[in-house]
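The values are calculated or read from the model by the stated rules, or taken from the named source; none is laboratory data. Bear in mind that the values here come from a model prediction, so they are computed numbers and not experimental data. Ideal geometry is used to build each Cβ from the backbone, glycine not excepted, and the neighbour counts take in all protein chains shown. For the accessible areas, the whole protein counts, side chains as well, though only heavy atoms, and no ligand, DNA or RNA atoms are used. Shrake-Rupley method; radii C 1.70, N 1.55, O 1.52, S 1.80 Å.
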Amino acid sequence: MNKVVASAPDAVADIPDGASIAVGGFGLVGVPNVLIAAVLEQGARDLETVSNNCGTDGTGLGILLEAGRIRRTISSYVGSNKEFARQYLAGELEVELTAQGTLAERLRAGGAGIPAFFTPAGVGTQVADGGLPQRYDADGGVALASQPKETREFDGVTYVMERGIVADFALVHAWKGDRMGNLVYRASARNFNPPAAESGRITIAQVEHLVEPGELRPEDIHTPGIHVQRVVPVGPVTTGIERRTVRS
């Protein structure tokens, strides 16, 4: 079983317009930048992305955003991207804000075949009650707002129902991977990559170090190969610095 694809462009060639894509990473760490750049070059439009954030200006999903290729995004943090803010407030981008832990569980649940789950996060707020602006119109009015969600009480505590997420594709970054798609992430670069990998119907992993089956100890594998359909060796990558702070 050999899931290795020769190049990133080959791996993303069949992503169509309108596809939903779950993307791993947190800030600049663990982001599948090679695959994202290949999607930009490939030309797919009207994409729906699911990721902790929508990249930063000029980096990660930010390059797809700047090119006007993302129609909708489900994210938990959007504060480092000025172009994101501009598109959202101008009515060019639909945004579903989701609490970070809830987003991770929505991705994991989708990958596990769980259609929905209950969480206390968001109870008593617009997350549960509805009314969060998801898209503005050109005049700054709310064109689309979130709908109320089902709530239920368990053992005297109120919970809100959240839906699992299953994406058409998932793009993830791994430190090591074998030809069968088993993946190992390094340190904090693990972040959202495992649940993103699980949620994709077709998961594409860029790996820094490609190894042969059997070289990874079973207890070290973070994402089993059953969740991964394509592996793209990209070699060692450099992680940038989002906010460089130095003494004067």
Completion exercise
The number of residues in segment 1-51 that are open to solvent by 40 Å² or more (accessible area, probe 1.4 Å), outside any strand (DSSP E or B) and more than 12 Å from His173 (Cβ to Cβ) is 16
Exercise for the section: Using the structure shown, decide if Ala197 is part of a helix (DSSP H, G or I) and in contact (Cβ under 8 Å) with a residue 40 or more places away in the chain. Expected result: yes
Problem - Pairs, first more than 16 Å from Pro218 (Cβ to Cβ) and in a helix (DSSP H, G or I) in segment 181-192, second open to solvent by 30 Å² or more (accessible area, probe 1.4 Å) and hydrophobic (A, V, I, L, M, F, W, C), C-beta under 8 Å, six or more apart - result: Ser188/Phe26; Ser188/Val29; Ala189/Val29; Ala189/Trp175
Exercise for the section: With the condition kept exactly as written, say whether any residue in segment 234-248 is of a type in the set (A, V, I, L, M) and outside any loop (DSSP other than H, G, I, E, B). Expected result: no
Practice task
Among residues belonging to segment 208-242 that are in contact (Cβ under 8 Å) with a residue 40 or more places away in the chain and charged (D, E, K, R), point out the one that is least open to solvent (accessible area, probe 1.4 Å).
Solution key: Arg230
